[in-house]
1. Rounding to the nearest 20 debye, state how big the charge dipole of the chain is about its Cα centre with +1 on each Lys and Arg Cβ and -1 on each Asp and Glu Cβ.
2. Which value in deg cm²/dmol, rounded to the nearest 500, describes the helix-derived mean residue ellipticity at 222 nm for the chain, given -39,500 (n - 2.57) per DSSP H run of n ≥ 4 and division by the residue count?
3. Please compute the net charge surrounding residue 273, taking Lys and Arg as +1 and Asp and Glu as -1 over other residues with Cβ under 12 Å from its Cβ.
4. Where does each of 241, 303, 196 land when they are ordered by accessible area, with a 1.4 Å probe and the largest first?
5. Give the angle, between 0 and 90 degrees and rounded to the nearest 10, that separates the Cα long axis of helix 40-66 from the longest principal axis of the Cα atoms of the chain.
6. What is the Cα radius of gyration of the chain over 2.2 N^0.38 Å, N being its residue count?
7. Considering only DSSP states other than H, G, I, E and B, which trypsin sites (Lys or Arg not before Pro) in the range 32-115 qualify as loop sites with at most 14 other Cβ atoms within 10 Å?
8. Averaged per residue, what accessible surface does the chain expose to a 1.4 Å probe, in Å²?
Amino acid sequence: MSSRLRTTLSLVLLCVVCLAAYWYVRTHSEDFQAVELVSWPAIGLVAVCFGFNIAFRGLFSLFVLRAVRVDLTFLESFQLSAVATMTNFVLPFRSGTGLRALYLKRCYGLELTLFASTMTALYIFFIFVNCLLGMVALLLLTALHDPTSLKLFAILACLGLASGWAIFLAPDVPRGDGRLLKYLSRISEGWDQIRSSRPILVAALSTTAGTSFFASLGLYSAFQAFGLDIGPGGSILLMASQNVGGLIGITPGAAGFQEGAGLLFSSVLSVTVAETLLVLGVARLVKIGVALVLGVPSTMMLSKRLAVGDGV
């Protein structure tokens, strides 16, 4: 798919999402007006939690990249995480990944296939940990007594099993003469370097758990800001739903897809559609603000390093 076609598709989908949201808010305006903001400090906690979320994602990259012999400083890993997060919020198709690849290639000579291994690890680990947490939360909340909770559990279980297989059981991709097979084989080699190191594997799982904790706390605080209590289990479940929706990164920040997944999973919680949409919308705006505050200066600092070849 060409770059122009992808951009057009993203913009069209984003417009559809915005129009659908506008229509729903307008036709259910009374439901939204009934939800009131009761705690600004809770909104502030959402921002703080997202800042820690970015930091833990940076730590994850720091540890995983060591498996492919790239020794980032903590400041670099945090700045790369902030820049990638900011870019993903404002551009489609996870464009922040390309910026990471450019920096690591020019400053550390990391080839694209090994970089792809680290990004694969990032997504697989987050899916694995968060789906397991979501399954536990769903069990505790519903005991799977109704068809909806069973369907949601099945979604999480399928993603969790697939990602767990990829982490612990997936075989190596054999070398071959084809261009695609060579590319996949090189990615597989890098992935083996990551999962064969127990310290790095433990560090990756630990930092992923830290990210999940702050993501869940941020969602809990966002609902608390509007006087809504979904409990720790509900916040963990919605955190898992955001990861499920985030797999479809066509629109900037997976806008619309994360909210759609949130609505689907919130159907087992004691919150309305209007409450869920409003809270997730406000949380997204807060996250974008934090991403810009951290991402803009980080972009300037990393650009200077690229210009002078620092880190080579």
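The values are calculated or read from the model by the stated rules, or taken from the named source; none is laboratory data. All figures in this text were calculated on a predicted structure; none of them were measured in a lab. Every residue, glycine among them, receives a Cβ derived from its backbone with ideal geometry; neighbour counts consider all protein chains shown. Surface areas here come from the heavy atoms of the whole protein model, side chains and all, with no ligands, DNA or RNA. Shrake-Rupley method; radii C 1.70, N 1.55, O 1.52, S 1.80 Å.
1. Values: 21 positive and 15 negative charges, 238 e Å.
Here the size comes out at about 1140 debye.
2. Values: 12 runs with 247 residues, N = 312.
My calculation for the chain gives -27500 deg cm²/dmol from helical runs alone.
3. -3
4. Working: 241 0, 303 55, 196 95 Å².
From most accessible down to least: 196, 303, 241.
5. With both axes taken from Cα atoms, the answer is about 20 degrees.
6. On the way: Rg = 20.0 Å, N = 312, 2.2 N^0.38 = 19.5 Å.
Scaled against compact globular proteins, the figure is 1.02.
7. Working: sites: 57, 66, 69, 94, 100, 105, 106; in loops: 69, 94.
Answer in residue order: 69.
8. On the way: 15300 Å² over 312 residues.
On a per-residue basis, 49 Å².
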